[in-house]
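The structure appears right after this line, and notes come after that.
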Amino acid sequence: MGATCCLLAEGNYGCCPVEHANCCADHLHCCPSGYNCDATGQRCIQAESFHTIDSYVKFHSTPIRSKPGIDLGDAGEGEIDEQLQPVACGYRRTCPAHSTCCEVPDEGRTKHMCCPLKNGVCCENACCPPGYHCRPNGKCEKHAARDGFIDFGF
């Protein structure tokens, strides 16, 4: 689910819980795409039909946290130790227990590599911890937290 950045009354940015939202002049509310804020900012009015809905309350944004990706290792052949429960990774290949198998592009083919993290997020040439997503140049970025967001179900 996406969000839209809007200026808050304090001068910093907050988030509206819908993509492509219109930020209201009161710096507290926002309306979904296709709706405009009324004078109070508490209602959203659809331009063509004049249908109204309650506006959304913005929530504070969180700083973006970034870290380097973790290098992938080759998936290996070998005996399977049932006690350690290795992770299957491609045809007759495995990764160590508590790791993640990643399929990465390699000169027009798919190569199977091992991320040393359980539930790791596979990137093109590295992997990221759970809760992060891949960014260019082997970086990992933490997903934004939505502390203080109240979903009123509109």
Completion exercise
Checked the range 4-60 with the C-alpha gyration tensor, a ≥ b ≥ c its square-rooted eigenvalues, rounded below a/c of 1.5, otherwise prolate if a/b is larger than b/c and oblate if not; verdict prolate
Problem - Residue-wise HN-Hα coupling along the range 33-47, computed from phi with Karplus coefficients 6.51, -1.76, 1.60 (Hz; x: Gly, Pro) - result: 3, x, 10, 10, 6, 6, 4, 8, x, 8, 10, 10, 10, 6, 4
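Using every Cα-Cα pair within the range 66-142, state what percent have a distance larger than 15 Å. Don't skip to the answer; put the middle values down first.
Details: 1536 of 2926 pairs.
Of all Cα-Cα distances in the range 66-142, 52 percent exceed 15 Å.
The numbers here are math on the coordinates, done by the rules we state, and not lab data. What you see is a predicted model, and the numbers here were worked out from it, not measured in a lab.
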